[in-house]
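Single-structure report; data block below.
The values are calculated or read from the model by the stated rules, or taken from the named source; none is laboratory data. Because the structure is predicted, anything quoted here is derived from the model rather than measured. Quick reminder, even Gly has a Cβ in these numbers, built from the backbone with ideal geometry, and neighbours come from all protein chains shown.
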Amino acid sequence: MNLAAAAAVAAPPCISLRGVGVVFAARGRPVQALADATLDIAEGEFVALLGPTGCGKSTLLRLVSDLLRPTSGALSVRGAPAADARRRNDFGFVFQEAALLPWRTAHDNVRLPLEVVGYDETKRSGRCKELLASMGLADFGHSYPSELSGGMKQRVAIARALSWNPSILLMDEPFSALDEITKNQLQDELLRIWQREQKTILFVTHNISEAVYLADRVVVMSAQPGRIKEVIAVDLPRPRGPEVRDTIEFVEQVRDARRALMS
Amino acid sequence: MTATAITVSRRGQLERFGPPLLILALILVVWELAVRLLEVPPWLLPAPSKIALRFGRTQDLAYHTGLTLLEAGFGFAISAVLGLALSAGIANSRFLERGLFPYVIVSNAVPIIAIVPLLNIWLGFGITTKIVIAAIITFFPIVTNTTRGLKSADARILDLMHSINATGPQVFFKVQLPSALPFIFAGFRIAASLSLVGAVVAEFYGADRGLGYLVITAATQLRTDLLFVAIIVLAAIGVTTFWLFGFLERRALHGAVEQERPR
């Protein structure tokens with residue numbers, strides 16, 4: 001068991017769900033989007049939510065960030081309601097296909113949250129440049145999203161989510177639209193960022209090997225109704241690099257996760 | 001290099017404007033010859049040369065044109081301001097959407113011609129009635145397009161904004177309004193030509209000035225050449241405003257290449 005998972009036992013959890021359920025009204029009929037979800041996530045832990053479409057992975061992110069209230073059960077972030085954490089601007093979002101504002105340059109997209117959270121105005125531009133440089137985009141600050149590749153756009157989106165230094169990153173299939181090479185590069189970059197900045201990351205994906213490669217624990221979910229099926233602790237050493245993908249242990253972990261998903 | 005560039009751009013202009021101008025010249029020549037050779041009476045179809053002469057001889061043409069432009073412009077401006085405000089409300093409030101949208105549709109369903117006499121009773125035959133008619137007729141395209149545009153804002157960005165406690169005005173001005181710009185301009189383009197229709201139609205009823213008055217006078221007196229003059233001026237205004245809004249749109253949307261554009 002790695003450090004973060006061990007700490008989860010002792011320290012109070014960063015995010016705690018107790019029997020959380022969400023029911024939507026779709027065309028007048030109630031639809032159970034998430035049922036009886038119980039999960040503790042430790043400070044600094046990297047947790048992947050793995051499951052098919054419609055299993056409530058994205059719903060879970062919206063619950064944690066207080067964009068959605070649970071219909072039943074209890075949810076807390078650092079021992080208080082999720083709304084408190086939201087008011088502190090604890091959550092950084094990264095979406096599939098970047099979701100940048102097309103009329104803003106890369107620099108100004110990273111700047112957007114800084115304008116909202118009340119970041120010191122004189123330091124905004126410097127912060128944006130620093131982040132873009134750290135994502136290898138120093139020369140692309142003036143480029144519009146339409147002029148950037150998919151991978152570059154996603155780097156901008158990550159820089160945007162990091163800009164005001166939130167402590168929790170919520171990532172909704174951020175790399176699923178990228179080609180394999182770019183995806184692997186960004187996965188490694190994300191691991192470096194996570195290791196450096198000690199953030200808690202909730203990472204939604206439907207890619208089994210991606211979940212295993214990145215996460216401390218993989219939360220395997222099933223659809224209709226969305227529920228947590230199994231939580232697998234990934235027993236692979238840190239820091240992980242591309243060579244990990246070729247190890248027997250990695251292949252076995254992926255196999256276990258796939259079995260849990262298919263069972 | 002520069003000389004070549006200029007030559008190329010001149011050739012581009014020639015290729016663009018050459019053919020339509022040539023066709024126009026051809027039509028005018030055939031028209032002129034046909035009217036002269038067949039001795040068509042001028043009340044039925046005046047020769048182009050006669051219409052051109054009438055242009056110079058029409059007293060106060062600039063005054064009539066200016067007045068109609070003023071009515072259409074004021075009506076459009078009032079409608080744009082009220083329409084944008086109403087759309088902001090409708091796009092952000094389910095209550096306002098349900099409560100007001102039926103009336104927006106009704107405002108479009110009632111034939112404008114039937115309202116003019118009513119407004120004449122209430123507001124008289126002066127400029128006010130014309131402005132109000134121009135405002136009413138432009139209201140629907142502005143409100144529907146703007147509302148659709150405001151609602152077209154990326155739901156993920158809205159989530160992002162809410163997760164960092166953005167205020168209503170921040171969401172509106174940083175996300176919703178820029179997203180809506182292409183739609184707003186599409187609405188404005190339609191509204192601009194409609195505002196002219198509204199002003200002219202209102203002038204049909206008991207006005208003593210304006211292009212609509214000129215049209216009615218010319219028609220009742222069988223002064224067909226004058227009728228042509230009024231029609232040509234109206235057409236020129238229509239083309240100019242269409243071009244002007246296209247120009248403004250390109251300026252405003254500079255850089256937003258990727259943005260979805262309404263047809």
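Can we say B:Glu71 is assigned by TED's automatic domain parsing to the domain that holds B:Ser152 and modelled with pLDDT of 90 or more? For B:Glu71, the condition - assigned by TED's automatic domain parsing to the domain that holds B:Ser152 and modelled with pLDDT of 90 or more - is met. In the range A:20-62, of all residues being out of contact with any strand residue (DSSP E or B) (no Cβ under 7 Å at 6 or more places or on another chain) and not in a strand (DSSP E or B), the one that is nearest to A:Gly92 (Cα to Cα) corresponds to A:Arg62. Being closer than 20 Å to B:Phe173 by Cβ, more than 10 Å from every other protein chain (Cβ to nearest Cβ), free of Cβ contacts under 8 Å to residues at least 60 places away in the same chain and not hydrophobic (A, V, I, L, M, F, W, C) is the requirement here; does A:Glu115 meet it? Spelling it out, it is not the case that A:Glu115 is closer than 20 Å to B:Phe173 by Cβ, more than 10 Å from every other protein chain (Cβ to nearest Cβ), free of Cβ contacts under 8 Å to residues at least 60 places away in the same chain and not hydrophobic (A, V, I, L, M, F, W, C).
Would you confirm whether any residue within the range B:219-226 is small (Gly, Ala, Ser), modelled with pLDDT of 85 or more, under 25 Å from B:Gly83 (Cβ atoms) and assigned by TED's automatic domain parsing to the domain that holds B:Gly126? Steps first, please.
Taking the range B:219-226 as the starting set, the residues that turn out to be small (Gly, Ala, Ser) are B:219.
Subsequent filtering for residues that are modelled with pLDDT of 85 or more retains B:219.
Restricting the remaining residues to those that are under 25 Å from B:Gly83 (Cβ atoms) gives none.
The answer is no, given that none of the residues of the range B:219-226 is small (Gly, Ala, Ser), modelled with pLDDT of 85 or more, under 25 Å from B:Gly83 (Cβ atoms) and assigned by TED's automatic domain parsing to the domain that holds B:Gly126.
Residues in the range B:109-167 that are among the aliphatic types (A, V, I, L, M), away from every other protein chain (no Cβ under 14 Å) and outside any helix (DSSP H, G or I): 1 in all.
Looking at A:Val47, A:Val77, can you tell me which residue is surrounded by 23 or more Cβ atoms within 10 Å (Cβ to Cβ), over 26 Å from A:Ser263 (Cβ atoms) and within 17 Å of the chain's Cα centre (by Cα)? Going through A:Val47, A:Val77 in turn, just one is surrounded by 23 or more Cβ atoms within 10 Å (Cβ to Cβ), over 26 Å from A:Ser263 (Cβ atoms) and within 17 Å of the chain's Cα centre (by Cα): A:Val77.
Checking the condition of a type in the set (Gly, Ala, Ser), buried (at least 22 other Cβ atoms within 10 Å of the Cβ) and within 14 Å of another protein chain (Cβ to nearest Cβ), which residue from A:Ser149, A:Ser167, A:Ser143, A:Ser163 passes?
Working: A:Ser149 fails: buried (at least 22 other Cβ atoms within 10 Å of the Cβ); A:Ser167 fails: buried (at least 22 other Cβ atoms within 10 Å of the Cβ); A:Ser143 fails: buried (at least 22 other Cβ atoms within 10 Å of the Cβ).
The match here is A:Ser163.
Got at least one residue in the range B:18-25 being surrounded by 15 or more Cβ atoms within 10 Å (Cβ to Cβ) and either under 30 Å from B:Thr138 (Cβ atoms) or modelled with pLDDT of 90 or more (or both)? No: zero hits. Residues in the range A:78-114 that are of a type outside the set (Gly, Ala, Ser) and farther than 27 Å from A:Ala133 by Cα: A:Arg78, A:Pro81, A:Asp84, A:Arg86, A:Arg87.
Residue-by-condition table, conditions (1) touching a residue at least 60 places away in the same chain (Cβ under 8 Å); (2) under 19 Å from A:Leu190 (Cβ atoms); (3) facing chain B (nearest Cβ under 8 Å):
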{"residue": "A:Glu45", "(1), (2), (3)": "yes, yes, no"}
{"residue": "A:Ala48", "(1), (2), (3)": "yes, yes, no"}
{"residue": "A:Gly56", "(1), (2), (3)": "yes, no, no"}
{"residue": "A:Leu63", "(1), (2), (3)": "no, no, no"}
{"residue": "A:Ser72", "(1), (2), (3)": "no, no, no"}
{"residue": "A:Ser76", "(1), (2), (3)": "yes, no, no"}
{"residue": "A:Asp84", "(1), (2), (3)": "no, no, no"}
{"residue": "A:Glu97", "(1), (2), (3)": "yes, yes, no"}
{"residue": "A:Leu100", "(1), (2), (3)": "yes, yes, no"}
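Outside any loop (DSSP other than H, G, I, E, B), within 14 Å of chain A (Cβ to nearest Cβ) and touching a Lys or Arg at 6+ places or on another chain (Cβ under 8 Å) - does that describe any residue in the range B:199-222? No - not one qualifying residue is present in the range B:199-222.
Where strands (runs of 3 or more DSSP E) fall wholly inside the range A:197-263, the ranges with 2 or more residues that are touching a residue at least 24 places away in the same chain (Cβ under 8 Å) and either polar (S, T, N, Q) or touching a Leu at 6+ places or on another chain (Cβ under 6 Å) (or both) are A:200-205, A:217-222.
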